[in-house]
Amino acid sequence: MSFEWRRACALTFAAALAVGVSAEAQQAESATGEVIFDASVEPASCNSCNTGGLGLGSAMGGRGGQIFVGAEFLSLRANFSEATAYRVIDPGPPGTETFEQFDFNYGESYRLYGGYRLCECGCDITFAFTSIDSDGSFDTGAIADVTTPGFSFAAPYEVVPGADGDRLFGEADVSIDNYDIGFAKTIPLGGFCCDTACCDPCGDACGSACGGCAPACAPWDLVWTGGVRFANVDSQLRYFNDNAPGTEANRNATSSVTFDGVGLRTGLIGRRYFGKRGIISAYVRGDISLLLGEVDTVVSGTTIPTTTLSSTEVVPVTEIEAGVTSWLTRNISVSGGYLLAVWHDLGHRTEYDYGVTGSQIVSMDDANLMTLDGWFIRGEAAF
């Protein structure tokens with residue numbers, strides 16, 4: 001994502017938050033005569049959108065729904081179950097064989113979403129776009145033992161050093177674009193919201209059952225989600241050698257995997273609210289998607305024939321996320337946490353025999369995984 005796009009997204013979201021804060025200030029003032037943000041916070045489990053719960057609903061009047069928008073900054077790292085950078089055989093003694101892997105970085109990624117919340121039934125309709133990028137590399141530096149008897153130093157696809165002082169290096173990148181259209185239903189557990197403006201003689205803001213007031217807002221809730229996902233995935237592993245002048249010619253090779261698919265997605269979110277007002281909450285989310293689409297794997301290089309495998313497959317995607325949410329005002333919240341995701345059967349599939357020349361590829365394994373892990377921070381505003 002370019003700097004200009006990041007700046008535009010940040011300015012857009014900051015403007016949305018500013019509008020939300022201004023609206024909240026006006027609403028709180030109309031009900032109490034002064035601007036008090038923390039008293040206007042309302043837990044999501046109440047599902048009442050500006051009515052009941054914390055004393056502003058009766059003065060302001062209820063609404064049946066609200067628009068919400070959100071943005072996430074994601075710092076995610078990709079990995080593959082098999083992303084060999086190079087192999088080293090040291091004759092020893094005692095003799096060792098070592099496979100080194102690509103070292104992936106945490107990339108700057110983002111998610112933008114928006115939708116409509118049907119407050120009276122606790123339902124959300126959401127559209128989200130997610131862009132994920134991560135890259136990696138390796139570099140052996142100058143290799144001193146290329147000509148040592150019994151010593152072997154080689155990258156896949158016959159990219160090998162030719163003489164002492166040569167080096168191997170490589171680059172990798174992963175790019176994922178997801179489009180999600182979803183529906184979510186919130187189910188409060190353990191209580192419901194009362195309207196302190198008309199039924200709380202104790203005046204302790206929905207936290208007491210005395211005087212006939214209803215119990216506090218539910219301390220727990222479950223959210224069921226379902227929807228449709230459109231996905232595009234591109235990944236590449238690239239290998240190079242840098243040989244000294246007058247030795248063997250430089251070689252290169254590339255392995256690429258592309259997937260375009262669509263399918264169904266479903267999941268559950270469990271959330272626990274803390275305190276009378278539920279300003280702070282913790283949650284865990286689990287999702288699974290089944291995406292039907294075309295997987296294209298292509299391997300090509302200086303000394304190997306181009307090999308292509310195309311197939312129509314169902315690709316499972318499993319995700320788990322844990323985080324904490326804090327409500328700044330009734331309609332503005334921030335969240336942060338950690339997530340893990342696995343794209344099954346979308347790893348780099350080629351297996352090879354280092355002792356074979358002409359074509360090292362001996363099989364196309366379809367059981368490799370592409371994984372993602374990292375941190376996120378999210379802001380959401382509702383109107």
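Tell me which residues, restricted to the stretch 280-301, are surrounded by 20 or more Cβ atoms within 10 Å (Cβ to Cβ) and of a type in the set (S, T, N, Q).
Passing the criteria: Ser281, Ser289, Thr297.
Tell me yes or no: at least one residue of the stretch 137-147 is in a strand (DSSP E or B), in contact with a helix residue (DSSP H, G or I) (Cβ under 8 Å, 6 or more places away or on another chain) and not hydrophobic (A, V, I, L, M, F, W, C).
No: zero hits.
Please go through the stretch 245-266 and give me each residue that is of a type outside the set (Val, Ile, Thr) and either in a strand (DSSP E or B) or open to solvent by less than 40 Å² (accessible area, probe 1.4 Å) (or both), ordered by number.
If the condition is that a residue be of a type outside the set (Val, Ile, Thr) and either in a strand (DSSP E or B) or open to solvent by less than 40 Å² (accessible area, probe 1.4 Å) (or both), then Asn252, Ala253, Ser255, Ser256, Phe259, Asp260, Gly261, Gly263, Leu264, Arg265 are the ones that fit.
Which one is farthest from the chain's Cα centre (by Cα) among residues in the stretch 127-147 that are at pLDDT 85 or above and exposed (fewer than 15 other Cβ atoms within 10 Å of the Cβ)?
Step by step, filter the stretch 127-147, then rank; the result is Ala142.
Could you check the stretch 267-279 and list, in sequence order, the residues that are open to solvent by 40 Å² or more (accessible area, probe 1.4 Å) and either of a type in the set (S, T, N, Q) or touching a residue at least 60 places away in the same chain (Cβ under 8 Å) (or both)?
Arg271, Lys276, Arg277, Ile279, listed by residue number.
In the list Ala341, Ala253, which residue meets the criterion of being under 24 Å from Arg77 (Cα atoms) and over 20 Å from the mean Cα position of the chain (by Cα)?
That would be Ala253, the only listed residue that is under 24 Å from Arg77 (Cα atoms) and over 20 Å from the mean Cα position of the chain (by Cα).
Please count how many residues of the stretch 324-351 are modelled with pLDDT of 95 or more and of a type in the set (Phe, Trp, Tyr).
2
Regarding the stretch 149-163, can at least one residue be identified that is of a type in the set (Gly, Ala, Ser) and under 30 Å from Thr225 (Cα atoms)?
No: the stretch 149-163 contains no residue that is of a type in the set (Gly, Ala, Ser) and under 30 Å from Thr225 (Cα atoms).
Taking the conditions exactly as written (open to solvent by 40 Å² or more (accessible area, probe 1.4 Å) and in contact with a strand residue (DSSP E or B) (Cβ under 9 Å, 6 or more places away or on another chain)), does Gly150 satisfy them or not?
Considered against the rule, which asks whether it is open to solvent by 40 Å² or more (accessible area, probe 1.4 Å) and in contact with a strand residue (DSSP E or B) (Cβ under 9 Å, 6 or more places away or on another chain), Gly150 comes out as yes.
The values are calculated or read from the model by the stated rules, or taken from the named source; none is laboratory data. Please read these numbers as outputs of a predicted model, since none were measured by experiment. Glycine gets a Cβ as well: all are built from the backbone with ideal geometry, and neighbour counts include every protein chain shown. Areas reflect the complete protein model, heavy atoms only, side chains present, ligands, DNA and RNA absent. Shrake-Rupley method; radii C 1.70, N 1.55, O 1.52, S 1.80 Å.
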